[in-house]
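Novice: Before anything else, here's the structure in question.
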């Protein structure tokens, strides 16, 4: 927690120091020359520079899902679950070095909650994770974006599950420094890679994590339809799991809202590998789920 707080404080301090030093536009400068040399700060921008990883099941996002567990190594759990995810990415401030407001630097806060509730045991909460992070994004070109920052994941055992089974919390927590890159190879294809290193590792944890993914944006489903179909694949591997990957695939329909930067998604998700619940990091699970998502 202390390490993350220092990182967050440093980022905010940099903004405060840099903001006054940005020169105001020369009122006598007009035309194309003004456009080429203009710089601008934008507070609370509407859209983020770095896109969401669509099929990542443990990143901050908002969704409700019904899961059918094909296999689970978490003891005394049922075959059906309700999954709740709350949160997202919230842009704080952006700096545009030219006239294009889709390029430049941006500081984001990311926060959320993800939990599983056992339908077979009166919707007992099996476990939940809390996420937050401070991230600096850089977008030099429309098709390329980089990300650097700190992420926190604090995992917990559900009270009802703990009372029923006696399973105590092991205190799984990750305090990561992360570096990511997102590349839009074409209008329809996007690739991303991310690495994380835990700087608060406990005795039973290992520091490194790697992630990669690919996304495909399909065409509209029918003429004049606002929605279009998509497919996404996400791979995560942790040093503490001997680099055994968790594979998550998602196919669905994306429906834009009136707000340009947000959308709804109806999706089928299939995942296998390490549990998405941090407290059960040593357990493997396989599930299929149907979910309703809101990206904002």
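Novice: With 30 Å as the cut-off, how large is the P(r) tail for segment 2-295, expressed as percent of Cα-Cα pairs?
Specialist: In whole percent, the share of Cα-Cα pairs in segment 2-295 beyond 30 Å is 36.
Novice: Could you identify which residue out of 277, 44, 135 has the top mean-square fluctuation in a GNM of the chain using Cα springs shorter than 10 Å?
Specialist: Most flexible of the set in this elastic network: 44.
Novice: Let me ask something else. Could you work out how far helix 2-18 tilts from the main Cα principal axis of the chain, as a 0 to 90 degree angle to the nearest 10?
Specialist: Between helix and principal axis, roughly 10 degrees.
Novice: Take the chain, connect every pair of alpha-carbon atoms lying under 10 Å apart with a spring to form a Gaussian network, then pick out the residue of 112, 149, 227 with the largest mean-square fluctuation.
Specialist: 227
Novice: Per DSSP helix of 4 or more residues, -39500 (n - 2.57); summed, then divided by the residues of the chain. What does that give at 222 nm, rounded to the nearest 500?
Specialist: Helix contribution divided over all residues of the chain: -3000 deg cm²/dmol.
Novice: Quick one: Debye curve from the alpha-carbon atoms of segment 207-260 only, equal weights, vacuum; give me log10 I(q)/I(0) at q = 0.16, 0.22, 0.24 Å⁻¹ to two decimals.
Specialist: -0.61, -0.81, -0.88
Novice: In square nanometres and to one decimal, what's the mean projected area of the convex hull around the Cα atoms of segment 73-205?
Specialist: 10.5 nm²
Novice: Pairs of alpha-carbon atoms within less than 8 angstrom and 6+ residues apart define the contacts here; what relative contact order does segment 166-296 have, in percent?
Specialist: For segment 166-296, the relative contact order is 16 percent.
Novice: Taking only C-alpha pairs under 8 Å that are 6+ residues apart, what is the relative contact order of the chain in percent?
Specialist: Once divided by the residue count of the chain, the mean separation gives 16 percent.
Novice: Also, I was wondering about something else. Give the calculated FRET efficiency between residue 216 and residue 170 to the nearest 0.05, with a Förster radius of 35 Å applied to their Cβ-Cβ distance.
Specialist: Between residue 216 and residue 170 the formula returns 0.40.
FYI, it's all coordinate maths here, none of it is from the lab. Here the structure is a predicted model, which means the values were calculated and not measured. Note that each Cβ is placed from the backbone with ideal geometry, even for glycine, and that neighbours are counted across all protein chains shown.
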